[in-house]
Structure formats: C-alpha cells, structure tokens
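Notes to accompany the following structure.
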Amino acid sequence: MKGSEIMRRRVASGAVAAPLPSALLCLVLGLGLACGFAGAARAAGTQAGYDAAIKAAEAAEHQAGLTHDQWTPTVEALKAAHAAAAAKDFAKATELAQHAEALAQLSIAQAQSEQTAWHSAVLR
Amino acid sequence: MRRVIAAVAALAMLALTGAAPAPATAGKSNPAADLKAFQDYFKTSFPKVPFDDFVNGPYAVNKGMRAQWEQIMQFPPYDFELADGKKLFETKFANGKSYGDCFPDKGIGIAQTYPHFDAKTGQVVTLVDAINACRVTNGEAKLDVSKGPMAEIAAYMVSTSHGKRFDVTIPDDPRALAAYEAGKQFFYSRRGQLNFSCASCHVQSAGKRLRGDIIAPALGLVAAFPIYRDAWGNIGTLGRRFVECNAQVRAVAFKPDSTIYHDLEYFLTYMDNGLPVTGPGTRP
Amino acid sequence: MRLTIPVLLLAAAAILALPEIGAAQQKPTAAGSAAVPALTGSALAGQKLAFSRKKGNCLACHTMRGSDVPSNVGPELVNLKALFPHRKDLVAIVTNEQARNPQTVMPPFGKNLILSAKEIQEVVDFLYTL
C-alpha cells in the first residue's frame, strides 16, 4: 500500500478534491452575466461582492481542511475579512477574502503535490 | 478581473501538475530498512558525534552550545517539576490505586517501549495516552496532554528508564504499518505557508544555525522528551512541541494528541531505537 | 485587486522582468567591506522586510551585513550583484526557488504570498546593496 494512500485514509474522512475557484468557474462557464456582476460588485466594495468572496474563501479553506493542510495566514486573513466586513469596509473585506481564498488554494495545491513529492525526500 | 482569472488559472494548473501519478518508489513498508538508512545518514553526516550522543540534540553537534548546556545542567531547570512528577506518580487515586497499578513493572523503567501498538484497539499508544488511560480506568479525569502534571508524571516515568535503550516495535499488522507509514509521510511532507517539512529542518538543515539556534538532527530528536524549553519556561510533552513546530511553518496545527501526531511520534521514536532514553531534557 | 498581483508571479516569475525600482543599484558594496551604506527608499524598506520575523526573515537562514546573528542554513548573502547580474534571476529565487531546485528549503516567498510583488522588488533592491 502506498504511504500517500494510507495517510489520506488516516487523516481525512472526506474526499480530497480540488474545488474550482470561483473566478476559474467564471472562466470555465464562459462570459456569463454572473461574472460581470461579481467583478463590478467587487470593484465597488459592496456587501454582495464581499459575500461572494468570503463564501468562495471559506469553501476553499474547508477543502484545505479535508487535505489536512490549512495555513495560519489563511485563518488570519479570513478573520481580518470578517472584521472589515463588520466595520462595513467592504472593499477591504473583499480584498482580504480574496487573499484568503488564494492562500487556501495554495495550501490545497501543496497538499496535492506533496501526496507524491514527499517520496523524493525520504532517506534511503 | 482578468488578472484574477489569470492568477487562478495558473493556480489551477499548478494543482493539476501536482496531481501527477506517484513515482514507483512507494513499495512495501520496511521499517527496519528505513531505520538503517535513517541512522546511517546521520552517522555519516556527523562522523565525530558518538551514536549515543545524538540524544543531546543541538548540544551534540555544536561545541559552544554544549558548553552552555553543561553549565545549565549543574542545576537542571526541570528538577522541581521532575520531583513533582514523582510525587504525583506515587500519590494514590481516590479509589486507593495508583499509576503503578496500570503498568508492567509498576511503571518503572518501561518508557523506552512507548509508543507501542495496541493490537486490541488498533491504535498507537503513547506514554501520555497510557497515563491518561490509567486515570480514566481509575475514575479520574484526563490531564492536559501538553504540559503541567502530565508532563511532570511522564518526565518522572521516563527518568526511571535512564540507561535503557529505545525499543519501539512495529508488529507485522497492517494497522501498525499504516500508522508507521502515515507518521513517515507526515515527517517528509512539506506543509504550511513556509513550505517546510519536518525533514526540511531536521534532516536537510540539521546542525545548521537558525537565528542563532542550532537545528537538532532528526536522529535523537525525541529521545529527551519531555523537555524543559527556555521558550516555554516549563516542561512540556512532544505533542506540545509538534503543535509549536507546525505553527512555526505557518500551518494550522493538529491537536497535541491527534492521531497524526501519534503516528509521527511512532515513526520518530522508532527511528531512535537503540539510543539511550535521556528524558527529561532541556532545550533553548 | 492589489493582493492578486503577487499570485501572478507564480506564472510570470521566470519570464517577467519587472520595471526597475533601482534606488539601491547606484551603490554596490564591495564584498567584505566594513562600510555600511546608508540605505534609503526601496532598499531600506527591503532591509526591514529581510530582517523582520513576520515577513522576509532572511536572516533566520542567511548571514548578511547588518544582522547580529550568524545563520548558515542558506549561503551568506554577499556580493549579489556579481553573482546575479540579471535582476530577474534573483527575483525568481526569492519568488520560488523550488522551481529551480525542488529540494530547496527556501520558502517560496512570491508563490506562497509571503511577500507581495512590490515587497520582493524591495528585498531585491536591498540584496543588491550587499
């Protein structure tokens, strides 16, 4: 049995799958109205733009949790995003949420690449 | 928006390349071969360090640190906590029993066999687990597994194994091998925003200077636990140090008694087989 | 939007030479020189990043002029202008050294968003004063 499979089974109860980031979804789905709307809302720093951004960020962080590789800066960025939103600074809150999503996606990518890359570091 | 799309697309590509098939290096688990390769690596890397001295971590590989340490050890900073641990160990529970009743040889001189694999439950049992299990069996509440009385009791039990050598066994049971392999994978996997594995520091950078500290080699890394760490100002368990290490690489840590840390402790302690038990120890 | 820019470095680091900020480039220092140039502007900002635990923390692993702790996880940082005449090479190392050396222990400061693109330029400006 491969070590990577073993650890995946031992540390994760859910599937390890890369979620499509929201922006990439927009790309994949083509030039939908939704994307245009999300872009405009983000630029303006609205509650709706923030809501979309934080939802995407939290979904990505949840996925990172399933790979058992969450990063503390992601947690900090999510916390800061919530605080900015509570203070009604939606431009800042949106930016922080997007940063958190980017970090969460990086942590997922790291976990996935390490599923095989770790073998090359083993002393043998 | 276009920037975001481009960036995310690049990330997605990275994720895809990361999912490439495994190289054909992952064969059948062979802990004994791993142990030999692991110990040989450090013996070769530090030819002047006597094998038994690896238990002294940074002090084994750096003269300056060793001199400081030898001074410190004239009055070991964990002495009071070790004495408290002995007292706690010998104090009877409300039901009249004591810790000694839970262990072979009354709990004296047995620490070198932990962690061990419990075939009944299929779990890796650390000394800390066994201490808490003993409490529960005797109607007492569990102790915090990071510091305080738990670290003190463990320190005392470990101290009664001085002179004995680590003798961790991995039975030919798929569950035990799975635990060992999971610990091994964790040790070598990069994690956190800083992208370090345990091995990045304790294998690749062993003995090097990091902001004035000396990085301890992975061989002997767990042999002196529990440790009194200057940065803590008191004594703590290996689980406590795992949590701290993970946070230092900017990864969200697991619980100090999580399954994955148990597996890691199983792997690391097995790698120390043959080294003398020296805990409690002291580190910067 | 600003926060997304460093992510771009992921794809672009190897091919992209960002515009020079260049304040520090006017004063290369001879290797081993005891003279400490007074840093200003971008190079000064870069030094602060390089010395800060939270950000670059370069001196945790590298010995360099101005640091008070000897570190040798990575090579000593000295004479970098001669070692890396092409700025983009140094930017690439700070951004993601793993692209060049998969086994490196150097954190990918750009790729993992530890530093922003602007911060990396500042750090590089500082490195070129060493």
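Just so it is clear, none of the values below were taken in a lab; they were calculated from the coordinates. It should be emphasised that the depicted structure is a prediction, and the values quoted were computed from it without experimental measurement. Because the Cβ atoms are built from the backbone with ideal geometry, glycine has one as well, and the counts that use them run over all protein chains shown.
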Quiz item: For the cross-link pairs B:Lys106/B:Lys142; A:Lys55/B:Lys142; C:Lys48/C:Lys111, which exceed 31 Å when the distance is taken from alpha carbon to alpha carbon?
Solution: A:Lys55/B:Lys142
Exercise. Might you report the magnitude of the Cβ-based charge dipole of the stretch B:226-273 about its Cα centre, with Lys and Arg at +1 and Asp and Glu at -1, to the nearest 20 debye?
Key: 200 debye
Practice problem: Please work out the C-alpha center-to-center distance from the stretch B:96-134 to the stretch A:49-124 and express it in whole Å. | Solution: 39 Å
Exercise. Provide Rg and Dmax in Å for the stretch B:119-268, with only Cα atoms included in the calculation.
Key: 15.8, 48
Quiz item: Any idea what % of Cα-Cα pairs in the stretch C:39-130 are farther than 24 Å?
Solution: 8 percent
Exercise. Over the whole of C:57-64, what's the average partner chain Cβ count within 10 Å per residue? Rounded to a whole number, please.
Key: 2
Quiz item: Among the aspartates and glutamates, which fall within straight-line cross-link reach of B:Lys36, defined as a Cα-Cα distance under 12 Å, with same-chain neighbours fewer than 8 residues apart omitted?
Solution: B:Asp272
Quiz item: In chain B, which longest range has no trypsin sites (Lys or Arg not before Pro) that are both DSSP loop (not H, G, I, E or B) and surrounded by at most 12 other Cβ atoms within 10 Å?
Solution: B:121-284
Quiz item: Whose amide H sits under 5 Å from the amide H of B:Ser197, counting only residues 5 or more places off or on another chain, with H placed in the peptide plane?
Solution: B:Arg191
Exercise. Holding the Cα-Cα limit at 31 Å, pick out from A:Lys79/B:Lys120; B:Lys164/B:Lys208; B:Lys255/C:Lys54; B:Lys43/B:Lys147 the pairs that are longer than that.
Key: A:Lys79/B:Lys120; B:Lys43/B:Lys147
Self-check item: Rounded tilt (10° steps) of B:63-72 against the dominant C-alpha axis of chain B
Solution: 30 degrees
Quiz prompt | Relative contact order [Cα under 8 Å, 6+ residues apart], the stretch B:79-159, whole percent | solution = 41 percent
Quiz item: For B:Lys63 and B:Asp172, FRET efficiency with R0 = 51 Å and r from the beta-carbon atoms, rounded to 0.05?
Solution: 0.75
Quiz item: If Lys and Arg each add +1 and Asp and Glu each add -1, what is the summed charge of the other residues whose beta carbon sits under 14 Å from the beta carbon of B:Gly239?
Solution: 0
Quiz item: Between the helical axis of B:127-137 and the dominant principal axis of chain B, each derived from Cα atoms, what acute angle in degrees is found, rounded to the nearest 10?
Solution: 60 degrees
Practice problem: Return a whole-number percent for the relative contact order of chain B, with Cα pairs under 8 Å and 6 or more residues apart as the contact set. | Solution: 24 percent
Quiz item: Roughly what angle does helix B:149-159 make with the longest principal axis of chain B, taking Cα atoms, 0 to 90 degrees, to the nearest 10?
Solution: 80 degrees
Self-check item: Disulfide-incompatible cysteines by the Cβ rule (no partner under 4.7 Å) in chain B
Solution: B:Cys198, B:Cys201, B:Cys245
Quiz item: Across 10 Å bins from 0, what is the distribution of all Cα-Cα pair distances for chain B, in whole percents?
Solution: 6, 27, 34, 20, 9, 3, 1, 0
Exercise. Enumerate the amide H contacts of B:Ala251 below 5 Å, restricted to partners 5 or more residues apart or on another chain; note that Pro and chain-start residues carry no placed amide H.
Key: A:Thr72, B:Gln193
Practice problem: Please report how far the C-alpha centroid of the stretch B:206-284 lies from that of the stretch C:59-84, rounded to the nearest whole angstrom. | Solution: 28 Å
Self-check item: Amide H partners (placed H, <5 Å) of C:Leu39, local residues excluded
Solution: none
Quiz item: Any idea what the dipole of chain B comes to, in debye rounded to 20, about its Cα centre with Lys/Arg Cβ at +1 and Asp/Glu Cβ at -1?
Solution: 980 debye
